[in-house]
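> Let me give you the structure first, and then I'll get to my questions.
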Amino acid sequence: MTPTTLTAGAIGQPVRRIEGRQKVTGAARYAVEHPADDVAHAWIVQSTVARGTVGDVDPGPVLALPGVLAVMTHADAPRLQDPDDPELAVLQSPRVAYRGQIVAAVVATSLETAREAARVLEVPIRAEDHDVVLREGHPEAYTPEVVNPSFPAETTTGDIEAGLNDAAVVHDATYRTSPLHNSPMEPHATLAVWDDDGSLTVHDSNQAASTHRAALAQVLGLESGQVRVIARHVGGGFGSKGSARPQLVLAAMLARAVGRPVKLAVTRQQTFAFTGYRTPTIQRVRLGADADGRLLAIDHHALEQTSTLKEFAEQTCVATRMMYAAPNRHTTHDLVALDVPTPSWMRAPGECPGMFALESAMDELAVALGMDPIELRVRNEPEAEPESGRAWSSRNLVACLRDGAQRFGWAERDPTPGTRRDGRWLVGTGVAASTYPAYQQPSSARARALPGGAFVVEIAAADIGTGGRTALTQIAADALQTGLERVTVQIGDSALPRASVAGGSSGTASWGTAVTLACRALRQRLEAHDGDLPPDGLQAEASTDDLLKGREDLARHAFGAQFAEVRVDADTGEVRVPRLLGVFAAGRIINPQTARSQLIGGMTMGLSMALHEASIVDGEFGDFLNHDLAGYHVAAHADVPGVEAHWVQETDEHLNPMGSKGIGEIGIVGTAAAIANAVHHATGIRIRALPIQPDRLV
Ligand code: MOS
């Protein structure tokens, strides 16, 4: 075997997205763009009440319409196995748990016919009183045992009240965040195709082919080998496609019922009903410090909602358990089960809303102490992870704050609020810290060497627009000690070696480790091999299941610092953010080009949360009032004139073979607080509820 040319590392190179040309030319196919013979189209009918019972549906008139193939309701839907997530028990019961829940579906030979049939289908629902409003002092609030994914809901260190009593300065305030909906460019969509042998293939837009296959097989009562989930290109997810959504199960049921492939494309409006959202939060933070700004007590309480179907407990206070040193600490979460859709994952669930509260409170404490907010944070750097006492694998928050301060020009800042004016604009700057855990999850991969020097690497990973496929190609090329052009990485198919979700900012670290191990094993095989390769090459497979056991030894987190400049119109209260600057410490950066995009994307989403995004709850009708992109504004180009992402060099030997932490979520953490803190600096007005809309500032 002649060794392939050794190439200086592909990791760290700003490689363009491998599938970029396919995407911009339209050649990349998304879920329901895949062709299928004799395909039929489905349309969903949703509940018009928030709580009630579906009565008898007469499908006759709709079935008589030309082109209609089937109507399905709870009365005639095939029985499913009980899923882990009751949201997947589609049409299994006449009970309605929230407005917008799926109560019927229609299949027709054309999309237009399906849509019209769904519009005219009469689904009577007996309505009952509902409660959809999260509010302080809710009589049914309770403390769950755990919050996501499996943290204790409540933690206590020391004596919080004693710590507050001893403090020279106490800050006590309540912060609120709104319900938020993910708005990926490609809404959820599924094409389901049954084979004659009873096996099922779906093209589905999701963040995890392997786990979607498992969920779908379980609910349908199939062996996982009978189900294949393909998601080669995915137009965003942000967490909303991290776990299976109802349309995946429904498409499979409908396709079996009509004996034809079925396409089910969720509409933008429907994404506001049953694809998950970020819970609203009401958070009380109490901080106590001595006169030098040393924290003596940190208390963080979050009230949030779940549905009557399932307990989903956002881990809002978990970052408060590890951010700053303090001898006395208490964190806890309360939940209320309302007649609402089940909340789900949205970029940095927990850390994002929780750090809005904590980092706003730190800024308020700095003002009360007359201290610089950066110095306050530096003064409260913990030597080891608070609560657990574990050593840090690496913690470079201070480096991020210092580097960011220099780049941003923080030194010239006059801390007095409400004193800088440029024409009609009040000008201010703010800072906040970021953090996100460096998770890794079990995955497996296969690498094959072909005669002629090409390599194929296979893993059921998902590239949801992040550049994951490109990063894996770089990682594989380095591990194989070959050039990028020789490596093809196949992803997005549950038939490939099992992989974890593109979520929790863990994708590249998890998959990259499996890819590295498989490639190293392949190199060993190649080195031991004499003569030409057989026609189908040589291959090696690896899994990280064993490697990841016993990783509780160290505290592994990424950190960052967010800086914002805002201008507030003194007459209208309009807030503009001419400049956002983030500096992150996230281990080794695999691809500076796609990484920068990820971080800028997260910061943009944080700006959007700070100023624009809110799903407005209609207490009377029990739904979100705004359920499209006209009523739910997502930051557009004109809202984001200047955003910069940087990183500090961070070497951390305790992560994975690449030395990388995740970068998908940390960019959104702390951004909203930096902006709210800057708004206070500009105006002297402290906004503790998001979004910061103009009426709050006039
Ligand atoms: Mo992300 S909310 O972990 O997909």
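The values are calculated or read from the model by the stated rules, or taken from the named source; none is laboratory data. Just so it is clear, the model here is predicted, and its values are computed rather than measured. So basically every Cβ, Gly included, is an ideal-geometry build from the backbone, and we count neighbours across all protein chains shown.
For every residue, the table says whether it meets (1) away from the ligand (no atom under 16 Å from the Cβ); (2) part of a helix (DSSP H, G or I); (3) aliphatic (A, V, I, L, M).
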position	(1), (2), (3)
LEU222	yes, no, yes
VAL229	yes, no, yes
VAL234	no, no, yes
GLY239	no, no, no
ALA244	no, no, yes
ALA252	yes, yes, yes
ARG256	yes, yes, no
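> Still on this structure: Is it true that some residue in the range 341-359 is more than 20 Å from the chain's Cα centre (by Cα), assigned by TED's automatic domain parsing to the domain that holds LEU164 and surrounded by fewer than 23 Cβ atoms within 10 Å (Cβ to Cβ)?
No, the range 341-359 contains no residue that is more than 20 Å from the chain's Cα centre (by Cα), assigned by TED's automatic domain parsing to the domain that holds LEU164 and surrounded by fewer than 23 Cβ atoms within 10 Å (Cβ to Cβ).
> Which helices (runs of 4 or more DSSP H) sit wholly inside the range 351-409 and have at least 3 residues that are under 18 Å from GLY428 (Cβ atoms) and of a type in the set (Gly, Ala, Ser)?
Passing ranges, in order: 351-369.
> Same structure again: Out of (1) surrounded by 20 or more Cβ atoms within 10 Å (Cβ to Cβ); (2) assigned to a helix (DSSP H, G or I); (3) not charged (D, E, K, R), the odd one out for HIS130 is which?
(2)
> Which residues, taken from the range 628-642, are touching a residue at least 40 places away in the same chain (Cβ under 8 Å) and of a type in the set (Gly, Ala, Ser)?
Correct list: GLY642 only.
> Starting from residues that are away from the ligand (no atom under 16 Å from the Cβ) and in contact with a Lys or Arg (Cβ under 8 Å, 6 or more places away or on another chain), keep the ones in the range 504-535 and report whichever is farthest from HIS557 (Cα to Cα).
Of the range 504-535, the ones away from the ligand (no atom under 16 Å from the Cβ) are 512-535.
Checking which are in contact with a Lys or Arg (Cβ under 8 Å, 6 or more places away or on another chain) leaves us with 518, 522.
Details: ALA518: 26, LEU522: 31 Å.
The selected residue is LEU522.
> Here are LEU376, LEU358, LEU338, LEU365: which of them is away from the ligand (no atom under 16 Å from the Cβ), out of contact with any helix residue (DSSP H, G or I) (no Cβ under 9 Å at 6 or more places or on another chain) and among the hydrophobic types (A, V, I, L, M, F, W, C)?
Details: LEU376 fails: out of contact with any helix residue (DSSP H, G or I) (no Cβ under 9 Å at 6 or more places or on another chain); LEU358 fails: out of contact with any helix residue (DSSP H, G or I) (no Cβ under 9 Å at 6 or more places or on another chain); LEU365 fails: out of contact with any helix residue (DSSP H, G or I) (no Cβ under 9 Å at 6 or more places or on another chain).
Among LEU376, LEU358, LEU338, LEU365, only LEU338 is away from the ligand (no atom under 16 Å from the Cβ), out of contact with any helix residue (DSSP H, G or I) (no Cβ under 9 Å at 6 or more places or on another chain) and among the hydrophobic types (A, V, I, L, M, F, W, C).
> Can I ask one more? How many residues does the range 134-164 hold that are among the aliphatic types (A, V, I, L, M) and surrounded by fewer than 16 Cβ atoms within 10 Å (Cβ to Cβ)?
Summing the residues that are among the aliphatic types (A, V, I, L, M) and surrounded by fewer than 16 Cβ atoms within 10 Å (Cβ to Cβ) in the range 134-164 gives 2.
> Going by the structure shown, is CYS400 in contact with a helix residue (DSSP H, G or I) (Cβ under 8 Å, 6 or more places away or on another chain) and closer than 18 Å to ILE668 by Cβ?
no
> Out of (1) in contact with a helix residue (DSSP H, G or I) (Cβ under 8 Å, 6 or more places away or on another chain); (2) surrounded by 20 or more Cβ atoms within 10 Å (Cβ to Cβ); (3) farther than 22 Å from LEU216 by Cα; (4) not basic (Lys, Arg), what's the single condition that is false for VAL49?
Every condition holds for VAL49 apart from (1).
> Would you point out which residue out of ARG329, ARG321, ARG347 is within 16 Å of the ligand (Cβ to nearest atom), at pLDDT 95 or above and of a type in the set (D, E, K, R)?
On the way: ARG329 fails: within 16 Å of the ligand (Cβ to nearest atom); ARG321 fails: within 16 Å of the ligand (Cβ to nearest atom).
None of the other options fit; the residue is ARG347.
> Among (1) out of contact with any Cys (no Cβ under 7 Å at 6 or more places or on another chain); (2) small (Gly, Ala, Ser); (3) within 28 Å of ASP292 (Cβ to Cβ), there is one condition ALA337 misses while meeting the rest; what is its number?
Looking at each condition in turn, ALA337 falls short on (3).
> Hey, among ARG377, ARG402, which residue is surrounded by 19 or more Cβ atoms within 10 Å (Cβ to Cβ), closer than 27 Å to ARG286 by Cα and of a type outside the set (Asp, Glu)? Can you show your working first?
Values: ARG402 fails: surrounded by 19 or more Cβ atoms within 10 Å (Cβ to Cβ).
Within the list ARG377, ARG402, the selection yields ARG377.
> Might you check whether a residue that is outside the structural domain of HIS637 (by TED's automatic domain parsing), touching a residue at least 60 places away in the same chain (Cβ under 8 Å), more than 16 Å from the ligand (Cβ to nearest atom) and over 18 Å from GLN474 (Cα atoms) occurs anywhere in the range 592-605?
no
> Here is a follow-up. Can you pull out the residues in the range 511-563 that are among the aromatic types (Phe, Trp, Tyr) and not assigned by TED's automatic domain parsing to the domain that holds GLU381?
Listed by number, the list holds a single entry, TRP511.
> Using the structure shown, decide if MET658 is within 16 Å of the ligand (Cβ to nearest atom), touching a residue at least 60 places away in the same chain (Cβ under 8 Å) and hydrophobic (A, V, I, L, M, F, W, C).
no
> Of (1) at negative phi; (2) surrounded by fewer than 20 Cβ atoms within 10 Å (Cβ to Cβ); (3) in contact (Cβ under 8 Å) with a residue 12 or more places away in the chain, GLY453 satisfies all except one. Which?
(1)
> If you don't mind, another one. ARG213 - would you say it is crowded, with 20+ Cβ neighbours inside 10 Å and among the basic types (Lys, Arg)?
yes
> Now for a different question. Just to confirm my filter: which strands (runs of 3 or more DSSP E) fall fully inside the range 435-503 and include at least 3 residues that are within 16 Å of the ligand (Cβ to nearest atom) and either among the hydrophobic types (A, V, I, L, M, F, W, C) or touching a Phe, Trp or Tyr at 6+ places or on another chain (Cβ under 9 Å) (or both)? Steps first, please.
Working: elements: 444-449, 455-458, 487-490.
No strands (runs of 3 or more DSSP E) qualify here.
> Please verify whether LYS310 is under 29 Å from PRO184 (Cα atoms) and in contact with a helix residue (DSSP H, G or I) (Cβ under 8 Å, 6 or more places away or on another chain), treating the condition exactly as stated.
Spelling it out, LYS310 is indeed under 29 Å from PRO184 (Cα atoms) and in contact with a helix residue (DSSP H, G or I) (Cβ under 8 Å, 6 or more places away or on another chain).
> Just wondering, is there one or more residues in the range 652-666 that are of a type in the set (Val, Ile, Thr), buried (at least 21 other Cβ atoms within 10 Å of the Cβ) and either touching a strand residue (DSSP E or B) at 6+ places or on another chain (Cβ under 8 Å) or assigned to a loop (DSSP other than H, G, I, E, B) (or both)?
yes
> Could you pull out the residue among ARG402, ARG395, ARG413 that is more than 14 Å from GLY560 (Cα to Cα) and in the same structural domain as HIS681 (by TED's automatic domain parsing)?
The match here is ARG413.
> Please give the number of the condition PRO83 fails out of (1) modelled with pLDDT of 95 or more; (2) over 25 Å from VAL32 (Cβ atoms); (3) under 29 Å from the mean Cα position of the chain (by Cα); (4) surrounded by fewer than 21 Cβ atoms within 10 Å (Cβ to Cβ).
(2)
> Mind counting the residues in the range 616-634 that are surrounded by fewer than 20 Cβ atoms within 10 Å (Cβ to Cβ), out of contact with any Gly (no Cβ under 9 Å at 6 or more places or on another chain) and assigned to a loop (DSSP other than H, G, I, E, B)?
Result for the range 616-634: 10.
> Now for a separate question. May I ask you to say which residue of PRO86, PRO94 is free of Cβ contacts under 8 Å to residues at least 60 places away in the same chain and under 20 Å from SER47 (Cβ atoms)?
Unique residue meeting the criteria: PRO94.
> Among the candidates THR331, THR320, single out the residue that is in a strand (DSSP E or B) and within 18 Å of THR157 (Cα to Cα).
Testing whether each residue is in a strand (DSSP E or B) and within 18 Å of THR157 (Cα to Cα) leaves just THR331.
> What number of residues in the range 89-127 are surrounded by fewer than 17 Cβ atoms within 10 Å (Cβ to Cβ), in a helix (DSSP H, G or I) and touching a helix residue (DSSP H, G or I) at 6+ places or on another chain (Cβ under 9 Å)?
The qualifying residues number 1.
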